[in-house]
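Before any comments, here is the structure.
The values are calculated or read from the model by the stated rules, or taken from the named source; none is laboratory data. Remember, it's a predicted structure, so these values are computed and weren't measured experimentally. Note: ideal-geometry Cβ built from the backbone for every residue, glycine included; neighbour counts use all protein chains shown.
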Amino acid sequence: MRRVTAVLAAALLAPALSGCDVMKRISEGAYRNAVADGAAVELDERGVRLKERLSCTTTTGRPESVVRIRCTGRTAEGAPVVVAGVATGADTRRPREHYVITVGGRSLLTADCLGRACT
């Protein structure tokens, strides 16, 4: 199972199993980190250097099995970077993910997986 998918599943299942807001925050943080790391790998492989780590936020929609993520940052040259993603079926063993990375307002990558674990 891909790292981002595994983290995403944990992000939604942990709170349901534990009923604890603290676990939900930790799991959401792990998902944000996984997407930021995966996007950084994708950018690096395309010769895009980031000024600093991407900053990501998540929102859970209705139904709760839909999770949206948005990460923002800047390249070393100052161009804006945006990663927009959505995962559907996030409360299942095989969520469906979709990400779009733009640099300077131009689409650089559209993918269903981010990072080195993608095949």
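Quick notes on this one:
- Filtered residues of the range 93-116 (kept if assigned to a loop (DSSP other than H, G, I, E, B) and loosely packed, with under 15 Cβ neighbours inside 10 Å): R93, R94, G104, G105, D112, R116
- Subset of the range 75-92 that is in contact with a Pro (Cβ under 9 Å, 6 or more places away or on another chain) and within 17 Å of R32 (Cα to Cα) - its residue that is surrounded by the fewest Cβ atoms within 10 Å (Cβ to Cβ): T88
- Scanning the range 96-119 for residues that are at pLDDT below 95 and basic (K, R) turns up R96, R116.
- Residues of the range 66-119 satisfying the condition of being among the polar types (S, T, N, Q) and under 12 Å from the mean Cα position of the chain (by Cα): T72
- Members of the range 62-74 found to be touching a Gly at 6+ places or on another chain (Cβ under 9 Å) and either surrounded by 18 or more Cβ atoms within 10 Å (Cβ to Cβ) or at pLDDT 95 or above (or both), listed by number: V67, I69, R70, C71
- Looking only at the range 35-60, and only at residues there that are part of a strand (DSSP E or B) and modelled with pLDDT of 95 or more, the one that is nearest to D91 (Cα to Cα): T57
- Residue match in the range 16-34 (condition: at pLDDT below 90, within 14 Å of the chain's Cα centre (by Cα), crowded, with 18+ Cβ neighbours inside 10 Å and not in a helix (DSSP H, G or I)): no
- Scope the range 30-82; condition small (G, A, S) and out of contact with any strand residue (DSSP E or B) (no Cβ under 9 Å at 6 or more places or on another chain); matching residues: A30, A34, G47, G78
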